[in-house]
Amino acid sequence: MIFSKYHALGNDYLVLDPEDCPQCPSPEDTVKICHRNFGLGSDGILYGPEKTDEADFALRILNPDGSEAEKSGNGLRIFSRYLFDTGRVTDKPFTVKTLGGIVTCEVRDGGDTIEVEMGRVSFHSEKIPVTGEPREVLDEPVEIKGKTWRSYAATIGNPHVVLPMDKVSKELACELGPILETMIGRFPNRTNVQLLQILDRNNIKIEIWERGAGYTLASGSSSSAAAAVAHKMGACDRDITVHCPGGDIGIRIGEDFSINMVGPATRVGRYEMDEAVLKQTLPPA
Ligand SMILES: N[C@@H](CCC[C@H](N)C(=O)O)C(=O)O
């Protein structure tokens, strides 16, 4: 199997082209391919471009635990860069269909900068989803190991919960992230998790725990959700630089909470994976 590996600020994906592999990998194979020790290793697989009547291209986004994500900001920038590198797009805007909606992408600066109109953020419980009566999930208490945190939930196609706090850290993201991700009684589809630190009216810092992937160095949909929450709280203006551990993502929030995201995507190389990877039995996680 032939993969093209890219990263977006350290959030790494393997692009699998249907021209090289007509069948999308099964959840079991995805886990093996993405495994950091037993496979090629990545934060996910981007399977595409697939054909669709609704947009220029269709994309499937697979998490390393074998689940399928509705949207990925970094994944969309990487996929755009892959389409550009393989001559399928130029510097003109094009559309991509994901499970979480159709987005518009544009590759600039010879491939170095990619802009994505990510869609609209909603804080509504039925859209995210969050259990309980229909409402916007704003500043609600959530108790973890006897401590109460304030939380905001949001969707930009995929689900997010954002915890504003004075100081974020990787350690806390790795402690709270897996508990919140799998709080099924509250988040029936699981959730991505962001710890949010407001730096000033145009800058925020986040630490990320991704649904189906764990701790990651950057996330485009997480940056979109966290910036939207910072603006909704009244703490930030509409132009926000999101400082992720792996680097910065630019977010602009529209009147209707539509999100424009700008950032890089970097090609790592092309890899041929032996079929033997798929025949292994992995030790329990
Ligand atoms: N890294 C991504 C998010 C990928 C999907 C996520 N793990 C989910 O399950 O929703 C990004 O950059 O947005």
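Coordinate-derived values only; no laboratory data. In this text the structure is predicted, and so the values were computed from the model without any measurement. Neighbour counts run over all protein chains shown; Cβ positions are idealised from the backbone, glycine included.
Summary of computed values
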| quantity | calculated |
| --- | --- |
| Computed over the stretch 110-200: relative contact order in percent, which uses C-alpha pairs under 8 Å that are six or more apart | 25 percent |
| The stretch 141-166-the stretch 16-61 distance, computed between alpha-carbon centres (Å) | 30 Å |
| Cα lying deepest toward the dipole's positive end in the chain, options PHE123, GLY48, PHE3, charges on Cβ | PHE123 |
| Too-long pairs where the Cα-Cα distance tops 27 Å, listed order kept, from LYS5/LYS32; LYS97/LYS167; LYS5/LYS92 | LYS97/LYS167 |
| Centre separation in Å (Cα based) which lies between the stretch 243-285 and the stretch 94-121 | 14 Å |
| Among GLY220, THR191, SER258 the positive-end extreme of the charge dipole of the stretch 140-261 (Cβ point charges) | THR191 |
| Lys, Arg +1 and Asp, Glu -1 on Cβ, resulting dipole of the chain about Cα centre, debye, nearest 20 | 460 debye |
| Relative contact order %, the chain, counting alpha carbon pairs below 8 Å whose residues are six or more apart | 20 percent |
| Hydrodynamic radius by Kirkwood, which averages 1/r over all alpha carbon pairs of the stretch 140-261, in angstrom | 14.0 Å |
| Around ARG238: net Lys/Arg minus Asp/Glu count, Cβ-Cβ under 15 Å | -2 |
| Cα centre as origin, Lys/Arg/Asp/Glu Cβ charges: the stretch 140-261 dipole, Debye | 200 debye |
| Expected-Rg normalisation [2.2 N^0.38 Å, Cα atoms] applied to the stretch 60-202 | 1.19 |
| Taking the stretch 140-261 and dividing mean pair separation by its residue count, relative contact order in percent (alpha carbons under 8 Å, at least six apart) | 20 percent |
| Kirkwood Rh and Cα Rg combined as Rg over Rh, evaluated for the chain | 0.96 |
| Length gained when the stretch CYS174-SER26 is fully extended (0.36 nm per residue, less Cα-Cα span) | 50.5 nm |
| Gain on full stretching of the segment that runs from ILE184 to MET165 - 0.36 nm per residue minus C-alpha separation | 4.5 nm |
| Fully extended contour minus Cα-Cα distance, from THR52 to GLN280, at 0.36 nm per residue | 78.7 nm |
| Along principal axes, Cα extents of the stretch 116-157, largest first, whole Å | 39, 24, 13 |
| Estimated D of the stretch 135-176 in µm² per second, where Rh is the Kirkwood radius over Cα pairs and Stokes-Einstein applies at 4 °C, 1.567 mPa s | 113 µm²/s |
| Ranked by how many other beta carbons lie within 10 Å on average, peptides 63-73, 34-44, 150-160, 273-283 from highest | 150-160, 63-73, 34-44, 273-283 |
